[in-house]
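*Asks:* One structure coming up, written as structure tokens, with questions to follow.
Derivation of every value follows stated rules applied to the coordinates shown; laboratory data play no part. Quick caveat: nothing in here was measured; it's all calculated off a predicted structure. Using ideal geometry, Cβ is built from the backbone for each residue, glycine included, and neighbour counts are taken over all protein chains shown.
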Amino acid sequence: MIIGIGIDVASIDRFAASLKRTPTLAERLFTPDELVTPAGDPRGAASLAARFAAKEALAKALGAPGGLLWTDAEVRTEPSGRPVLELRGTVAARAAELGVRTWHLSLSHDAGVASAMVIAEG
């Protein structure tokens, strides 16, 4: 049963400008592992914008309650390249409250826009 669906888009240039303008923003939005690729290289603006869109889409799939911490949701990459969500703290608690057992995540970026779609299944 689908419990929630969320989708979000982010302008890559606008997101990159926000990161440049506010140097501590990346640390507030992302875990240390999200800021680097599996090879340990810094992630580019398009990849980070897609991860930000994923967190926004995740919040929408959970009903957009207040009090969720950005770093309590982490976008990880499986060895196959598939993006997956890892939840803890405030986000995991809300998901448990709603009965979410499975997550589906899709990320994309093209033509200056990053997008993400999240489906919460129970």
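*Asks:* Give the order of 69, 85, 25, 48 when sorted by the count of other beta carbons within 10 angstrom, beginning with the fewest.
*Replies:* Ascending number of Cβ neighbours within 10 Å: 69, 25, 85, 48.
*Asks:* Which value, in debye to the nearest 20, gives the size of the charge dipole of the chain about its Cα centre, when Lys and Arg are +1 and Asp and Glu are -1 at the Cβ?
*Replies:* Using only the charged Cβ atoms, the result is roughly 200 debye.
*Asks:* Please report 75, 84, 100 as a ranked list, fewest other C-beta atoms within 10 angstrom at the top and most at the bottom.
*Replies:* The order, fewest Cβ neighbours first, is 84, 100, 75.
*Asks:* Relative to a virtual label point 7 Å from the Cα of residue 41 in the Cα→beta-carbon direction, which members of segment 61-97 show backbone nitrogen distances below 14 Å?
*Replies:* None, by backbone N distance to the label point.
*Asks:* Ranking 41, 72 by Cβ neighbours within 10 Å, fewest first, what do you get?
*Replies:* In order of increasing Cβ crowding within 10 Å: 41, 72.
*Asks:* Oh, and also: Rounded to two decimals, what ratio of Rg to Rh does segment 2-121 give with C-alpha atoms and a Kirkwood Rh?
*Replies:* 0.95
*Asks:* Next question. Which one of 59, 107, 47 has its Cα pushed farthest toward the positive end of the charge dipole of segment 2-121, where Lys and Arg give +1 and Asp and Glu give -1 at the Cβ?
*Replies:* Positive-most Cα among the choices belongs to 59.
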